[in-house]
Amino acid sequence: MGFDDQLDIIGEYGGTRVQSSKENFDIEGHVTGFGNPDWARTHVPASSTAPAVLDVLKAGATCVGKTVMDEMAYSIIGENKHYGTPRNPCAPDRVPGGSSSGSAVAVGAMLVDFSLGTDTGGSVRVPASYCGILGFRPSHNAVSTVGVIPMAQSLDTVGWFAREPSVLKQVGRVLLELPDEDPVRPSQIIIPRDCFQLLGIPTERLTQALVRSVEKLHGGDIIKHSILGDYVRDNVPALSSFLSEINEDHVNNIPSLAALSSARRLLQRYEFKNNHKEWVSAVNPDLGPGISDHVREALQTTEENIDVCWSVKKEFHAALTSLLGDFGILAIPTVPWPPPKLQTDSSALEVFGAKAFNLLSIAGVSGFCQVSIPMGLHGNLPISISLLAKCGADGFLLDLVETLYESLKEHIAIAEKSF
């Protein structure tokens, strides 16, 4: 299935869809720079191209370049002190989100039709939200990560960005090798009140358009409300090891989801250390603010509680699968706030990140697929909502986005005038 025979011809590149790839994908004959000049200096050109890149090229896409990323993929902010920060096309004075910053900006600025990125902790979903575009994190292990520099293999995914749901779906059909199937009506759409209470904007600004679109297309009977934090607490007993460390502050976090984030962070640090300690110790690379702190903390990680992290992953995957079923959807904010200003103090960003990872860790730890959908502007800044489906239901989720999108745009325009 090719891009050139499935999609409209646009732009100056003829009958192919134009894409860019993040600087952690191998391209034969080019050094894979990983966002850091010391990494680029100490590595040789790749001997082959990552299969994910090859798949879209074989399907008719044209790769026009590699994009800037946060160093070693270790940030969701999008700033890079060495190569500059890609300019957020929706809000030039705000960060673009990371670590797939350049990939998101290239799509948001209409330089390419789609781009490839990676998402470990949120590196596709966050920049998609900040740049006002669609971003898809597939089910874990659904797309090959061969030829992609690992961050933390238990959480790493290859994701992608697009402006239009038809392109998002077409890329997915190629990368996921999806068959032609009729869209399936969702069995339920769960809106967890506690997750939306983390928002720094009115809850209804996000939920109203979604609810009205679902009511119009599928009927209001499938919309359910819940308290996700309580469900996770009661169904993931392995989290007790992490819950004892969590502050019971329901304004800035959901205790069980904050504990889930702690488990994710520990596993991510441990696997990052195993992947990159030898290189960091040998080279002592020049790393930017924030990144150097993350790397230092990772290198200090021990094996303590790693086995508990695996138990958390297994239990949480089972609990969320039971909650959603085959064709259920979980709707959450992608992130709590619109994008922060450029060069925001690192301590303020840490507070933001801690709150954001309450939400971002849901897909990361469960391995479920997630799509971030732009919901227009609030206060002239981009905002978004996310839909999650069970592991392996990527095609169902891509179909649903395409089905909902036009109705969502209509109701977003109404919401923008009301709030």
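The values are calculated or read from the model by the stated rules, or taken from the named source; none is laboratory data. Computed from a predicted structure; not experimentally measured. Positions of Cβ are backbone-derived with ideal geometry, glycine not excepted, and every protein chain shown enters the neighbour counts. We work out accessible area using only protein heavy atoms, side chains counted, and drop any ligands, DNA or RNA first. Shrake-Rupley method; radii C 1.70, N 1.55, O 1.52, S 1.80 Å.
The longest stretch of the chain left intact once loop-based GluC sites (Glu not before Pro) with at most 10 other Cβ atoms within 10 Å are removed from consideration, loops following DSSP, is 13-180. Contact order, relative form, for the chain: 18 percent (alpha carbon pairs under 8 Å, 6 or more residues apart, mean separation divided by residue count).
Apply the a/c threshold of 1.5 to the C-alpha gyration tensor of the chain and tell me whether it is rounded, prolate or oblate. Because its axes are fairly even, with a/c under 1.5, the chain counts as rounded. Look at the alpha carbon pairs under 8 Å that are at least 6 residues apart: their mean separation over the length of the stretch 115-156 gives a relative contact order of 43 percent.
A simple spin-label model places pseudo-atoms 7 Å from Cα toward Cβ; at residue 64 and residue 311 they are separated by 5.2 nm. Extension gain, residue 81-residue 203: 0.36 nm per intervening residue step, less the Cα-Cα distance, totals 40.4 nm.
For a modelled paramagnetic label at residue 354, 7 Å from Cα along Cα-to-Cβ, the residues of the stretch 254-285 in reach, with backbone nitrogen under 19 Å, are 254-269. Enumerate the residues in the stretch 93-137 having an amide nitrogen under 17 Å from the point lying 7 Å beyond the Cα of residue 30 toward its Cβ. The answer is 100-107, 111-118.
Put 193, 41, 125 in order of accessible area, largest first, 1.4 Å probe: what do you get? Mind showing how you got there, number by number?
Values: 193 125, 41 155, 125 0 Å².
Final ranking, largest accessible area leading: 41, 193, 125.
Computed extension gain for residue 216 through residue 282, at 0.36 nm per residue and net of the alpha carbon distance, reaches 17.8 nm. Taking every DSSP beta bridge that has both ends in the chain, the antiparallel portion is near 65%.
Computed over protein heavy atoms with a 1.4 Å probe, the accessible surface of the chain works out to 39 Å² per residue. As a ratio to 2.2 N^0.38 Å, the alpha-carbon radius of gyration for the stretch 144-190 is 1.49.
Across the stretch 178-307, the mean sequence separation of Cα contacts (distance under 8 Å, 6 or more residues apart), normalised by length, yields a relative contact order of 21 percent. Kirkwood hydrodynamic radius computed over the stretch 274-380 comes to 17.2 Å, based on all pairs of distinct alpha carbons. Within a straight-line Cα-Cα reach of under 14 Å, residue 81 can be paired with the following aspartates and glutamates, leaving aside sequence neighbours fewer than 8 residues apart in one chain: 38, 70, 71, 286.
Would you kindly work out the equivalent ellipsoid of the stretch 164-224 from its C-alpha gyration tensor and give its semi-axes, the square roots of five times the eigenvalues, largest first in whole Å? Show your work: numbers first, answer last.
On the way: eigenvalues 150, 53, 24 Å².
Three semi-axes, in Å: 27, 16, 11.
Distance between the 7 Å Cα→Cβ label points at residue 296 and residue 185: 5.8 nm.
A crude spin-label estimate for the pair residue 227 and residue 303, with each label 7 Å from Cα along the Cβ direction, gives 4.0 nm.
Going through the DSSP H helices of the chain, which span 24 Å or more along their own axis at the Cα atoms while scoring at least -0.5 as a mean Kyte-Doolittle hydropathy?
On the way: long enough: 255-283 (39 Å, -0.53); 306-324 (27 Å, 0.63); 346-366 (29 Å, 1.06); 394-418 (33 Å, 0.10).
The qualifying helices are 306-324, 346-366, 394-418.
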